[in-house]
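Here is the structure we will look at, set down as structure tokens.
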Amino acid sequence: MKTTSKTNTTETAKPPVDRLRMGLLNATIWQRTTEKGAYYTVSFERRYRDQDGQWKSTHSYDTADLLALAKLADQAHSRILEIEAAATAEKAA
């Protein structure tokens, strides 16, 4: 039987750079740093209540969610460009 374990890293987990919301859809922007520099990733989730009334999250989207998801992705893209422009201006100063 093969077992796996998570490796421990000395780097602490960084909080998200920003969070955007549109209705029940959320976009979380993360900064990743490599030896080549920083880049950004975005994770999306949809919140809903289960039959017991408890809030849950999913990464699946209904047809009705897709337009809002696309708009949220556009907002996340614009926000990342703003963050990168600010970082570039800060380096130039």
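Read-outs: derived from the displayed coordinates by stated rules, not from any lab. Remember, predicted model here, so these are calculated numbers, not experimental data. Reconstructed Cβ throughout: ideal geometry from the backbone, glycine too, with neighbour counts over all protein chains shown.
Tabulated values for the structure
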item: Identified option (computed Cα extents along the principal axes in Å; candidates (i) 53, 46, 20; (ii) 36, 30, 24; (iii) 43, 27, 22); result: (i)
item: Extension reserve of the A68-T33 stretch, reckoned as 0.36 nm per residue once the Cα distance is removed; result: 9.7 nm
item: Dipole-positive endmost among G37, Q75, A92 within the chain (Cβ charges, Cα centre); result: G37
item: Lysine pair count for the chain [Cα-Cα under 24 Å; pairs on different chains or 8 or more apart]; result: 6
